[in-house]
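Let me begin by presenting the structure, written as structure tokens, before commenting on it.
Computed from the coordinates by the stated procedures, all read-outs in this text should not be read as laboratory data. A quick note: this is a predicted structure, and the numbers were derived from the prediction, not measured. FYI the Cβ positions are ideal-geometry reconstructions off the backbone, even for glycines, and counts take in every protein chain you see.
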Amino acid sequence: MIKGNGKFSYFWDLWIAISATFYAVEIPFRLVMHYSPSPMMVVLEFLIISSFIADIFIHFFTTVRVNGKWTDDKATIAKKYLKSWFVIDLIAAVPLGFFFLPAGSMAFMFSRLPKIIKVLRLFHYKSKWEYSINLNPGLINLGFFFYFLFLFIHWSACGWMEIKIAEYGTTLLKDYIVSFYYIITTVTTIGYGDLSPDKTRMVEVIYVMGIQLLGAGSYGYIIGNIATLIANIDIAKVHHRERVERVNTFMKSKKFPGELQERVNHYYDYLWTTREGYDDSAILEELPESFKYEFALLLNKGILEKVPMFKGADSTLLKEIVLCLKPCVYTPGDAICTFGEIGDKMFFINKGTVEVVSADGKQVYANLKDGDFFGEIALLLQQPRNATIRATDYCDLYSLNKESFDTVIHHYPDFEKNIKEMAQERMNKK
Ligand code: CMP
């Protein structure tokens with residue numbers, strides 16, 4: 001069996017998509033230009049037809065996704081394929097003209113026309129590739145739209161040449177380019193007026209009317225889509241800017257001191273440069289339970305590796321802690337804890353530096369950096385904060401609230417022992 005989401009399948013689909021595009025362009029072009037194909041072209045055509053035939057067989061042996069799960073059950077695969085793309089693939093693959101019609105004859109060239117239907121397959125590939133290509137879906141949709149718009153313009157230009165054949169006489173590449181130009185100006189509603197249908201020939205007038213109608217529709221589609229696409233391309237940045245603007249308007253309306261406004265703006269700048277404005281805990285909250293642990297482990301991996309106490313700790317303890325850690329950010333000068341206040345959480349430093357100072361701020365007891373923790377004494381001894389902690393740099397911290405702290409120390413006596421020893425040491429130093 002061939003894996004539907006495997007490498008071979010993707011390359012094969014790509015080859016079929018390129019072949020179908022080649023046919024969609026070349027078949028109508030040859031029909032109006034009446035040229036005879038070069039030997040190279042004949043070989044290429046033979047290769048494409050063989051690929052279209054092989055494509056049908058390959059599909060019977062390629063795993064498919066049913067209700068989100070890949071299956072290799074042959075009956076299910078056949079049933080799904082026969083009900084969906086089989087007819088289109090068959091029409092595109094049958095080389096009837098090759099057997100019954102003289103090559104180069106008009107009838108032979110018309111018999112090739114149904115093969116163009118194979119381009120519809122691109123809709124199937126699109127939904128398949130959307131899973132694997134890491135691109136904005138709006139961008140993929142727009143790419144597809146332009147692809148089919150180009151084909152539509154090409155087909156219309158070929159049709160226009162056929163209508164104008166009496167005027168052009170023998171068709172030349174130059175006539176095709178002029179037709180293509182005319183259709184583009186009509187479809188994009190530019191219409192310079194340098195070319196227009198001959199009003200005495202109804203077939204020309206009706207043809208151009210049809211193109212104008214389709215053109216107006218697709219023009220609206222392009223404008224609408226490009227606007228939403230640009231708005232959505234950097235959705236995180238848009239959200240972040242909105243948030244900052246809201247806070248700034250609020251601070252201005254309440255006439256907050258300029259220095260505070262500046263600090264708030266620095267905070268948001270830092271938030272954007274370090275985590276593109278994403279709030280880890282809000283994203284974690286939205287996830288189903290089954291993913292939470294894996295996500296939290298990946299997000300908080302850095303801190304688990306930095307804090308010496310966590311190194312070599314029991315994996316169940318890590319699991320418990322990792323889900324309770326909440327990221328928070330402080331800017332230089334912020335008081336993270338204040339002497340004498342009731343403490344309801346402790347902190348781990350992921351990045352940045354803080355200083356432990358006396359109540360009046362004159363004496364510095366210690367400087368703490370990446371991997372250190374603080375605020376544990378108030379939780380252990382149920383007493384007010386015994387020092388003030390001030391950020392001396394931008395600080396990325398993780399907080400652990402009292403409830404989670406109590407659960408963790410209750411279940412893991414080793415953790416409790418380590419943290420108590422550290423707290424004792426700190427209290428002795430003061
Ligand atoms: P807590 O009392 O909850 O709040 C202030 C914190 O400062 C305290 O917990 C300790 O974590 C920390 N701390 C106090 N004294 C020292 C010290 N000498 N060295 C390092 N950290 C300290």
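Worth pointing out:
- Spin-label model, Asp406 to Gln261: label points 7 Å out along the Cα-to-beta-carbon direction sit 4.3 nm apart.
- Shape of the stretch 84-237, Cα gyration tensor, a/c cut at 1.5: oblate
- The chain: mean projected area of Cα convex hull, nm²: 33.1 nm²
- The chain: angle of helix 137-163 to the longest principal axis, Cα-based, in degrees nearest 10: 10 degrees
- Inter-label distance, Thr188 to Glu242: 3.3 nm, where each label sits 7 Å from its Cα along the C-beta direction.
- Gap separating the Cα centres of the stretch 369-430 and the stretch 168-217, nearest whole Å: 78 Å
- Near the amide H of Thr353, within less than 5 Å, lie the amide hydrogens of Thr392, Asp393, all on another chain or at least 5 residues away, with H placed in the peptide plane.
- Percent RCO, i.e. relative contact order, over the stretch 80-147, from Cα pairs under 8 Å lying at least 6 residues apart: 27 percent
- Ranking Phe86, Leu142, Tyr192 by Cα position along the charge dipole of the chain, where only Lys, Arg, Asp and Glu carry charges on their C-beta atoms, puts Phe86 farthest toward the positive end.
- For Val64, distant residues with modelled amide H under 5 Å away: Thr71
- Taking each of Lys126/Lys326; Lys74/Lys115; Lys74/Lys126; Lys326/Lys420; Lys126/Lys301 in turn, the alpha-carbon distance tops 29 angstrom for Lys126/Lys326; Lys126/Lys301.
- Modelled this way, with points 7 Å down the Cα-to-C-beta line, the labels at Lys7 and Ser132 are 1.1 nm from one another.
- Backbone phi angles across the stretch 365-371, fed through the Karplus curve with coefficients 6.51, -1.76 and 1.60 (θ = phi - 60°), yield HN-Hα couplings of 7, 6, 10, 10, 9, 3, x Hz in residue order; Gly and Pro are listed as x.
- Over 26 Å between alpha carbons, listed pairs Lys7/Lys80; Lys3/Lys80; Lys7/Lys319: Lys7/Lys319
- Rounded to the nearest Hz, the phi-derived 3J(HN,Hα) couplings of the stretch 172-181 under the Karplus curve 6.51 cos²θ - 1.76 cosθ + 1.60 (θ = phi - 60°) are 10, 4, 4, 5, 5, 4, 5, 4, 4, 4, where x marks glycine and proline.
- Between helix 258-275 and the chain there is an angle of about 60 degrees, using the helix long axis and the longest principal axis of the Cα atoms.
- Our summary gives the stretch 91-219 a relative contact order of 16 percent, counting only alpha carbon pairs under 8 angstrom and 6 or more residues apart.
- Scanning residues 5 or more positions from Gly191 or on other chains, those with amide H under 5 Å from its amide H are Thr186, with H placed 1.01 Å from N in the peptide plane.
- To the nearest ten degrees, helix 39-60 and the longest principal axis of the Cα atoms of the chain are 60 degrees apart.
- Computed over the chain: relative contact order in percent, which uses C-alpha pairs under 8 Å that are six or more apart: 10 percent
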